[in-house]
Amino acid sequence: MWTYEKKLQFPVQIKTPNPAMAKVIITQLGGPDGELAASMRYLNQRYSMPYKECKGILTDVGTEELAHAEMIGAIVHQLTRCLSVEEIKEAGFDAYFVDHTTGVYPQAAAGFPFTTAVLQSKGDALTDLFEDLAAEQKARTTYDNLLRLVDDPDVIAPLKFLREREVVHFQRFGDALRVVQDNLDCRNFYAMNPEFDK
Amino acid sequence: MNSEKEKLMKVIRESDFVIQECALYLDTHPRDSAALRLYGDQQALRKKAVDAYEQAFGPLTTAGNQFSSWRWIDDPWPWDLED
């Protein structure tokens, strides 16, 4: 189960709306390397994971990703406040607007809706952790790309915070990978799948 | 934003950050006594700040709501832009 805390992990207070920015940042909510995909990936990989350290890290990182999804939602919401029809047209926000007005909908920058087709729960501890390590790096690159496009300090601060969390999670998944390997035959890590072969 | 509210929220956020960092680290290093100590110290700091915050500015969780009124739903919510 989960409990909601009525606060953001890092503050989001964006004074100047910018729908063009919202259109690309939304990818970190519903895109292929976004926070929602990250959370669903880790939380669903937990069930077949045999090692307690890894059950812990998948649960705790998967939970933190939900807080990140909420921060992205807050950024997108605040970037699309009080828009005129002219501003919507000028920013190229019209395609999103006709489908969702200024509601926050989890989709990629290119417009396709959130899909679990971008993530995997493979039922193999090594495979899943390598996927998780790659996922953190892909998300980090996405934040790097977004930071190239943004010039509003109100938007840069939370994006930088979220970028840094990807790096930390990558390091922690690296530790989890070591735990898995320590439990396997060091002469051949791939001799068996600890989530299936007993 | 009310400056006392901001100050308390800053303490809560900062201790939450340290607690989260310790928790993630402790998942794969459960016997690191320095990390455990830091985790405990920050929990105590956080509890004090949360109690003061909830008393003055309303609950952070539904369990933190006082019995006399339902302040849980009061604005602002976390995604609201504050003046």
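Numbers at a glance
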{"item": "Test item: A:4-12 mean partner chain Cβ contacts at 10 Å", "result": "6"}
{"item": "Along principal axes, Cα extents of the stretch A:122-198, largest first, whole Å", "result": "53, 19, 17"}
{"item": "Three principal axis lengths of the stretch A:73-151 [C-alpha, angstrom, descending]", "result": "51, 27, 19"}
{"item": "Trypsin sites (Lys or Arg not before Pro) restricted to chain B and DSSP loop, no more than 15 other C-beta within 10 Å", "result": "B:ARG31"}
{"item": "Vicinal HN-Hα couplings computed from phi for the stretch A:11-21 (Karplus, 6.51 cos²θ - 1.76 cosθ + 1.60; Hz; Gly/Pro x)", "result": "x, 10, 9, 9, 7, 10, x, 7, x, 5, 5"}
{"item": "Those aspartates and glutamates that a straight Cα-Cα span of less than 16 Å connects to A:LYS89, excepting residues fewer than 8 apart in one chain", "result": "A:ASP99"}
{"item": "Qualifying trypsin sites (Lys or Arg not before Pro) for the stretch A:106-188 [loop in DSSP, other Cβ within 10 Å: at most 16]", "result": "A:LYS122, A:ARG187"}
{"item": "Degrees between helix A:52-79 axis and first principal axis of chain A (Cα, 0 to 90, nearest 10)", "result": "10"}
{"item": "Probe 1.4 Å - accessible area at A:SER48, Å² to nearest ten", "result": "50"}
{"item": "Shielding by partners - mean other protein chain Cβ count within 10 Å, residues of B:73-81", "result": "5"}
{"item": "Calculated P(r) of the stretch B:1-80 - Cα pairs past 17 Å, %", "result": "54"}
{"item": "Cα point-scatterer Debye curve for the stretch A:1-47, base-10 log of I(q)/I(0) at q = 0.16, 0.27 Å⁻¹", "result": "-0.68, -1.08"}
{"item": "Dipole magnitude (debye, nearest 20) for chain B, charges at Cβ of Lys, Arg, Asp, Glu", "result": "400"}
{"item": "The stretch A:52-198: projected area of the alpha-carbon convex hull, averaged over directions, in nm²", "result": "10.5"}
{"item": "Cβ neighbours within 10 Å from other chains - mean over B:22-34", "result": "5"}
{"item": "Computed helical MRE - 222 nm, chain A, DSSP H runs ≥ 4 contributing -39500 (n - 2.57), nearest 500", "result": "-19500 deg cm²/dmol"}
{"item": "Rounded tilt (10° steps) of A:153-182 against the dominant C-alpha axis of chain A", "result": "10"}
{"item": "Tail beyond 13 Å, pair distance distribution of the stretch A:86-128 (Cα, percent)", "result": "66"}
{"item": "Sum of side-chain charges, B:GLU82 neighbourhood, beta-carbon under 11 Å (Lys, Arg +1; Asp, Glu -1)", "result": "-2"}
{"item": "Local net charge near A:LYS138, Cβ-Cβ under 13 Å (Lys/Arg +1, Asp/Glu -1)", "result": "-4"}
{"item": "DSSP-loop chymotrypsin sites (Phe, Trp or Tyr not before Pro) across chain B, with at most 16 other Cβ within 10 angstrom", "result": "B:PHE67, B:TRP70, B:TRP79"}
{"item": "Surface accessible to a 1.4 Å probe, per residue, for the residues of chain B, Å²", "result": "63"}
{"item": "Hydrodynamic radius by Kirkwood, which averages 1/r over all alpha carbon pairs of the protein assembly as shown, in angstrom", "result": "20.5"}
{"item": "Using θ = phi - 60° and Karplus 6.51 cos²θ - 1.76 cosθ + 1.60, couplings along the stretch B:31-39 (whole Hz; Gly, Pro as x)", "result": "9, 7, 6, 5, 5, 5, 5, 4, 4"}
{"item": "Dipole in debye (nearest 20) - the protein assembly as shown, about Cα centre, beta carbon charges: Lys, Arg +1; Asp, Glu -1", "result": "520"}
{"item": "Threshold 30 Å², the stretch A:37-65 residues less accessible with all protein chains present than alone (1.4 Å probe)", "result": "A:GLU53, A:ILE57, A:ASP60"}
{"item": "CD proxy at 222 nm, helix term only [per DSSP H run n ≥ 4: -39500 (n - 2.57); per residue of chain B; nearest 500]", "result": "-22000 deg cm²/dmol"}
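The values are calculated or read from the model by the stated rules, or taken from the named source; none is laboratory data. Every value quoted in this text rests on a predicted model; they were computed, and no experiment measured them. Here Cβ is always computed from backbone atoms with ideal geometry, including for glycine, and neighbour counts include all displayed protein chains. In case anyone asks, the SASA skips ligands and DNA or RNA and just uses the protein heavy atoms, side chains included. Shrake-Rupley method; radii C 1.70, N 1.55, O 1.52, S 1.80 Å.
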